[in-house]
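Encoded as structure tokens, the structure appears first; notes follow it.
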Amino acid sequence: MAAAPVKSPAPPGAGIGEALEALYRRHNVRPAIASDPVRFVHGLDLPDREIAALVASSLAYGRVEGILRSVARALELIPSPAAFLRQSSRASIRRALRGFRHRFTGAHDLAAMLCGAKAAVLRHGSLERCFAARLKPGDETVVSALGAFVEEIAPRKRSGGFSLLPPPARGSACKRLNLFLRWMVRRDEVDPGGWILVPASKLVVPLDTHLHRICRALGFTGRRGADLRAALEATAAFRRLVPDDPVRYDFTLAHLGMRGDAARVVAAMVRGRGEGDG
């Protein structure tokens, strides 16, 4: 899929890069993951990590407390997730998840995605290789590969919709899939990483309402909705600051936005204060 043309972002204002880096150093730290679903992805070997990350990111919508409860419950139902999928039939996977629900996501939705993930791992050897096979050297971002990845692991419902993960072809910002990629590709105190076949420079920000509000205030996007074009515009602006790691500041800014600090932080950035959150 060819992404829609993206407006070139205006050059970030003086002091914004320094402010963002100061925020990153202060807030992108291991203790901060206690209130984030990425915590469920740490401490796992790579085969388990990519399955756990897929589950945790796919359920990352709604209130934080509910997300954490649902992810914990889902992963309890599929212990050692890579081995569980390898050894389980489709019927066994559905039985294991019977009764699970997270807001609009039921057991059938999660089971269908995991069956798709199982099939992808059997075909390619890992989710990483499945995704990387769809990423072309000339791709500026992961968007085209995301579309093919969704088609493989989250097949369409009979009604024509997608069961759990929306495809970028519909204009969705694909926040949860981009979150999954951030966790698996980047490596720092928050993101555990592990994938080496997908460059961090091609990642797209996992744009949610919190980050979208901040990006609009910074002038990184002028779009009113947190859609794919807004995500690509914001990513292009962040790439001007950090070409090889455009999603570097996602965790920090999204969490500040959830805490209600976004307006104060952005005001400090726009005024060019290097400390950013005082």
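The values are calculated or read from the model by the stated rules, or taken from the named source; none is laboratory data. Just so it is clear, the structure is predicted and the values come from calculations on it, not from any experiment. All Cβ positions, glycine included, derive from the backbone under ideal geometry; neighbour counts span all protein chains shown.
Quick notes on this one:
- Residue count, the stretch 22-43 (criterion: in contact with a Lys or Arg (Cβ under 7 Å, 6 or more places away or on another chain), in a helix (DSSP H, G or I) and among the hydrophobic types (A, V, I, L, M, F, W, C)): 1
- In the set A52, A34, only one residue is at pLDDT 95 or above and under 28 Å from G125 (Cβ atoms); that residue is A52.
- Applying the criterion of being under 21 Å from L203 (Cβ atoms) and outside any helix (DSSP H, G or I) to the residues of the stretch 112-139, the residue that is modelled with the lowest pLDDT is P137.
- Among residues of the stretch 251-263 being within 14 Å of R26 (Cβ to Cβ) and part of a helix (DSSP H, G or I), the one that is modelled with the lowest pLDDT is R259.
- Some residue of the stretch 79-101 being surrounded by 20 or more Cβ atoms within 10 Å (Cβ to Cβ) and out of contact with any helix residue (DSSP H, G or I) (no Cβ under 6 Å at 6 or more places or on another chain): no
- Lone unmet requirement of (1) part of a loop (DSSP other than H, G, I, E, B); (2) under 20 Å from A117 (Cβ atoms) for L179: (1)
- Any chance I51 is touching a Pro at 6+ places or on another chain (Cβ under 9 Å), within 17 Å of F251 (Cα to Cα) and either among the β-branched types (V, I, T) or free of Cβ contacts under 8 Å to residues at least 24 places away in the same chain (or both): no
- Sole residue being charged (D, E, K, R), out of contact with any Lys or Arg (no Cβ under 9 Å at 6 or more places or on another chain) and either in contact (Cβ under 8 Å) with a residue 12 or more places away in the chain or farther than 21 Å from R39 by Cα (or both), chosen from R223, R182: R182
- Filter pass, S163 being at pLDDT below 95, among the polar types (S, T, N, Q) and surrounded by 19 or more Cβ atoms within 10 Å (Cβ to Cβ): yes
- Residue satisfying all of: in the stretch 197-219; at pLDDT 95 or above and outside any helix (DSSP H, G or I); surrounded by the most Cβ atoms within 10 Å (Cβ to Cβ) among these: V205
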